[in-house]
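Structure first, then comments.
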Amino acid sequence: GIRSLETIEHYVKAGVSYVIIGTKAVKDPAFVAEACRAFPGKVIVGLDAKDGFVATDGWAEISTVQVIDLAKQFEADGVSAIVYTDIAKDGMMQGCNVPFTAALAAATRIPVIASGGIHNLGDIKSLLDAKAPGIIGAITGRAIYEGTLDVAEAQAYCDAYNG
């Protein structure tokens, strides 16, 4: 994971558009502010959570930090986006946590990318139907590998939806 400004600089010089800071963001929030100052517009924070509380260290630890509270702190720092993963849903292909994702998007001006639990096009439609303007994307993995989500169909649907 990203743990130093030198690592971010390496990736930015290599041409990446964004870096995602995960556990380091939770354990050292001041690092996020520093990274945003040094690399404006390049920092995304990955927030993994269970029952609204941030998880760290590969989901081994559930903290006492609430996702929305931490997101509000990062808003002031200038984070470009949040990748939000509900770890109770990730890899389960039972749908993502739309209500919490929408609540997170509504709580800050930081764009939110939903992650964890996407099973099929219906789950993507549910995110769109939430009408939360701050939700800007979704990450899916297992559904693609297992063939329950057709990427071309999902992209076509989103393109048509966004018109």
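Going through Thr64, Thr101 one at a time, which residue ends up being free of Cβ contacts under 8 Å to residues at least 12 places away in the same chain, under 30 Å from Phe31 (Cα atoms) and in contact with a strand residue (DSSP E or B) (Cβ under 7 Å, 6 or more places away or on another chain)?
Details: Thr101 fails: free of Cβ contacts under 8 Å to residues at least 12 places away in the same chain.
Result of the check over Thr64, Thr101: Thr64.
Per the listing Ala156, Ala138, Ala160, the residue uniquely out of contact with any His (no Cβ under 8 Å at 6 or more places or on another chain), crowded, with 17+ Cβ neighbours inside 10 Å, at negative phi and without any contact (Cβ under 8 Å) to a residue 60 or more places away in the chain is Ala138. Selection within the range 13-53: residues that are closer than 25 Å to Ala102 by Cα and acidic (Asp, Glu). The member of this set that is surrounded by the most Cβ atoms within 10 Å (Cβ to Cβ) is Asp48.
Against the condition of a type outside the set (D, E, K, R), touching a helix residue (DSSP H, G or I) at 6+ places or on another chain (Cβ under 9 Å) and at pLDDT 90 or above, how does Ile139 come out, does it pass? Against the criterion (of a type outside the set (D, E, K, R), touching a helix residue (DSSP H, G or I) at 6+ places or on another chain (Cβ under 9 Å) and at pLDDT 90 or above), Ile139 does not qualify.
Regarding Ile82, is this residue assigned to a strand (DSSP E or B), in contact with a Pro (Cβ under 8 Å, 6 or more places away or on another chain) and closer than 16 Å to Arg109 by Cβ? Step through it out loud before you land on a result.
On the way: assigned to a strand (DSSP E or B): yes; in contact with a Pro (Cβ under 8 Å, 6 or more places away or on another chain): yes; closer than 16 Å to Arg109 by Cβ: yes.
Yes, satisfied.
In the set (1) touching a residue at least 40 places away in the same chain (Cβ under 8 Å); (2) in a helix (DSSP H, G or I); (3) among the aliphatic types (A, V, I, L, M); (4) surrounded by fewer than 17 Cβ atoms within 10 Å (Cβ to Cβ), the condition left unmet by Ala143 is number (4).
Just so you know, in the range 92-109 the residues that are touching a His at 6+ places or on another chain (Cβ under 8 Å) and surrounded by 16 or more Cβ atoms within 10 Å (Cβ to Cβ) include one that is modelled with the lowest pLDDT, and it is Met93. Would you point out which residue out of Thr85, Thr56 is buried (at least 16 other Cβ atoms within 10 Å of the Cβ), under 13 Å from the mean Cα position of the chain (by Cα) and either free of Cβ contacts under 8 Å to residues at least 60 places away in the same chain or farther than 14 Å from Ala102 by Cα (or both)? The match here is Thr85.
The values are calculated or read from the model by the stated rules, or taken from the named source; none is laboratory data. Not measured: the values here are computed from a predicted model. Because the Cβ atoms are built from the backbone with ideal geometry, glycine has one as well, and the counts that use them run over all protein chains shown.
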